[in-house]
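The values are calculated or read from the model by the stated rules, or taken from the named source; none is laboratory data. The structure presented is a predicted model; accordingly, all values stated were derived computationally and were not measured. With ideal geometry, Cβ positions are generated from the backbone for all residues, glycine too; neighbour counts draw on all protein chains shown. Ligands, DNA and RNA are stripped out before the accessible areas are found, and what is left, the full protein with its side chains, is counted by its heavy atoms. Shrake-Rupley method; radii C 1.70, N 1.55, O 1.52, S 1.80 Å.
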Amino acid sequence: MKKILALILAGCMVLSMAACGGSETAAPTEENTATTEETKEEAPAEKAEETAEEVAAEVPAGGKVGVCIYKFDDAFMTTYRNALQAILEEKGYEVSVVDGNNDQAKQTEQVNTFITQGVDALIINPVMTSAADTIIAAVKQANIPTVLINREPTAEQMAAYDKLVYVGCDAAQSGTFQGEIILETENKGDINGDGKVSYIMIQGDPENIDAQLRTEYSVKALTDAGMEVEQLDLQRGDWDRNKGQEIAQNDLAKFGDQIEVVFCNNDDMAIGALQAIQAAGRTVNEDIYLVGVDALDAALNEVVNGNLTGTVLNDAQSQATQAVACMEELLGGKTYAEGEQSVYVDYVKVTPDNASEFIK
Ligand code: BGC
């Protein structure tokens, strides 16, 4: 077992602060200036004359981290994984990021390979949350601190191992924000004034709680506000732009002007739907509304241009920062009690009023 003093010290510092306190709580300088057997070997005597910042920039923290992503070919997870890798590398970790190709058997094998290689910690974006039990059993047996990200298993599944934490967002909140964006339009989504909001729902992978809760809570925000709703269609688009385009195209052909709102569980599908909307000669914010989630750069530009009614920031940078902070706490010896194993980052509602603030 390869436990490194620097990591333990970093974890202890973090422990004295709020739970998974974010980037400031685990500043690279504090962490990397801690002495370790490994960093001693790699930091020759002349380094003593350098400033703490210079040492922090040069000396790796020394821990090996395995990162498993459900599939690289996912727009949001690409932003997320790049943020994660940058944060970990900047902190001096040796990072290996692998592509699960949306294949749970493959990912389970990747987790086992990382365990055999003796990684110090794992960050896993499960392919299927229903398979989380297998992953959790494997990391528990190997005693590897593990952070699950983006796809949340149940509290019962996570309770099996106390060196395990989930970092993500409260998916219900993003759905509520989508509904609120529609309620904030001049006609509250009822463009044709017939007393009800007629919508189509383009869903992510329904195995995923984000897809389930966004679908439910976007509509719930409307009904809670007293609006009558009519669901013309609900189809799974599996988070995929092309599928979003196809579903919207078919529905526009079938339901035409009846469609007042297109709810998409994520931005990539919304961008696909936008292509279909434009091809059908419809105009967003005039004769149809369109909302997504994630605040991908492409979507933010469309919000600014008036081609997307709104989106919801799914804050990849903050989630990556939290995931690393939690990982460092686990490495420092922290354990999580049952029912306290989910750490959430807030979503932010994005409309033309604030969209430009989020463009990088
Ligand atoms: C994002 C989607 C992404 C999915 C992957 C969701 O939180 O909104 O864009 O495809 O995570 O699991």
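Condition first: open to solvent by less than 40 Å² (accessible area, probe 1.4 Å) and over 24 Å from the mean Cα position of the chain (by Cα). Now tell me which residues in region 211-245 satisfy that.
Leu222, Met227, Leu232, Asp233
Residues in region 113-134 that are open to solvent by 70 Å² or more (accessible area, probe 1.4 Å) and either of a type in the set (D, E, K, R) or modelled with pLDDT of 95 or more (or both): how many?
Here the count works out to 5.
With Ala355, Ala337 as the choices, which residue is surrounded by 19 or more Cβ atoms within 10 Å (Cβ to Cβ) and either more than 14 Å from the ligand (Cβ to nearest atom) or without any contact (Cβ under 8 Å) to a residue 40 or more places away in the chain (or both)?
Sole residue among the options that is surrounded by 19 or more Cβ atoms within 10 Å (Cβ to Cβ) and either more than 14 Å from the ligand (Cβ to nearest atom) or without any contact (Cβ under 8 Å) to a residue 40 or more places away in the chain (or both): Ala355.
Please count how many residues of region 77-95 are over 17 Å from Asp268 (Cβ atoms) and either touching a Phe, Trp or Tyr at 6+ places or on another chain (Cβ under 6 Å) or surrounded by 21 or more Cβ atoms within 10 Å (Cβ to Cβ) (or both).
Adding up the residues that qualify gives 4.
Need pairs with beta-carbon distance below 6 Å; first residue away from the ligand (no atom under 11 Å from the Cβ) and within region 160-175, second open to solvent by less than 10 Å² (accessible area, probe 1.4 Å) and assigned to a strand (DSSP E or B); sequence gap 6+ or separate chains.
Matching pairs, first to second residue: Leu164/Thr146; Val165/Val147; Tyr166/Leu148; Val167/Val147; Val167/Ile149.
Which of (1) under 18 Å from Leu331 (Cβ atoms); (2) under 21 Å from the mean Cα position of the chain (by Cα) is the odd one out, the single condition Ala172 does not satisfy?
Of the numbered conditions (1) under 18 Å from Leu331 (Cβ atoms); (2) under 21 Å from the mean Cα position of the chain (by Cα), the odd one out for Ala172 is (1).
Looking for something touching a residue at least 24 places away in the same chain (Cβ under 8 Å), hydroxyl-bearing (Ser, Thr, Tyr) and more than 12 Å from the ligand (Cβ to nearest atom) - is there at least one such residue anywhere in region 197-214?
Yes - at least one qualifying residue is present in region 197-214.
Please specify each residue of region 216-243 satisfying the condition of being in a helix (DSSP H, G or I), within 16 Å of the ligand (Cβ to nearest atom) and more than 11 Å from Met201 (Cα to Cα).
Those that are in a helix (DSSP H, G or I), within 16 Å of the ligand (Cβ to nearest atom) and more than 11 Å from Met201 (Cα to Cα): Tyr217, Arg241, Asn242, Lys243.
Does Asn187 qualify as being open to solvent by 40 Å² or more (accessible area, probe 1.4 Å) and either part of a loop (DSSP other than H, G, I, E, B) or within 30 Å of Asn285 (Cα to Cα) (or both)?
yes
Looking at the structure I just gave you, is Val345 under 21 Å from Leu148 (Cα atoms) and surrounded by 22 or more Cβ atoms within 10 Å (Cβ to Cβ)?
The answer is yes for Val345.
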